[in-house]
1. Among the residues in the range 32-47, are any at pLDDT below 85 and in a helix (DSSP H, G or I)?
2. Pairs only if they're at least six apart or on different chains, beta carbon under 9 angstrom, first in the range 76-89 and farther than 16 Å from Glu41 by Cβ, second among the aromatic types (Phe, Trp, Tyr); list them, first residue then second.
3. If you take the residues in the range 76-105 that are assigned to a loop (DSSP other than H, G, I, E, B) and more than 18 Å from the chain's Cα centre (by Cα), which one is modelled with the lowest pLDDT?
Amino acid sequence: MAKRSKKSASLSSARAVVESLFSHLGIADKIEQHRVWLIWEECVGPQIAAQASPLRIRDNILEVRVSHPVWMQQLQLLKPRLLERLNAQLGETPLSDMFFRRGHRVQPEQAAPPKIVLPELSDREQEEIEQLVATISDPETRKAMQQLLTKQRQLDNYRHSS
């Protein structure tokens with residue numbers, strides 16, 4: 001029982017660290033909104049999910065790819081109800097609108113992510129990350145957080161160089 005409690009406490013503290021980091025980076029709201037991919041089928045139902053899928057979020061507007069113009073028209077009529085259901089699940093980070101785009105629905109497992117080669121971090125950047133995670137007492141959590149921060153910094157560097 002003590003092991004479960006310790007592990008639960010460790011996960012709670014790791015979650016708090018991650019949430020604090022996301023908040024510090026100013027991306028907590030965006031990450032919360034992107035939960036829409038996880039809750040989409042539950043909120044819209046399997047029939048609609050078979051014909052439409054989230055594509056992207058820009059300025060709090062969810063863009064949805066729809067398989068057929070008839071479905072686009074139907075979803076336009078259902079938009080207020082769909083937004084209400086999605087926003088009820090998203091909580092404090094609601095979507096302001098939905099935009100429907102005609103296109104072939106891509107199954108998540110069929111979508112191939114673009115190949116990105118992330119740049120290496122400088123010694124100074126690596127030291128900064130090590131200093132940030134140094135206060136985390138659990139080695140497993142510290143390592144996971146260091147990997148997360150490293151990937152995020154590499155991605156930021158990649159975006160700034162492109």
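The values are calculated or read from the model by the stated rules, or taken from the named source; none is laboratory data. Because the structure is a prediction, the values reported are computed rather than measured. All Cβ positions, glycine included, derive from the backbone under ideal geometry; neighbour counts span all protein chains shown.
1. Initially, the range 32-47 is screened for residues at pLDDT below 85, giving 32-35.
Filter once more, so that each one left must be in a helix (DSSP H, G or I): 32-33.
Within the range 32-47 (the criterion being at pLDDT below 85 and in a helix (DSSP H, G or I)), the answer is yes, since at least one residue qualifies.
2. Gln76/Phe100; Lys79/Phe100
3. Taking the range 76-105 as the starting set, the residues that turn out to be assigned to a loop (DSSP other than H, G, I, E, B) are 91-96, 103-105.
Okay, now just the ones that are also more than 18 Å from the chain's Cα centre (by Cα), so 103-105.
Values: Gly103: 84, His104: 73, Arg105: 59.
It comes out as Arg105.
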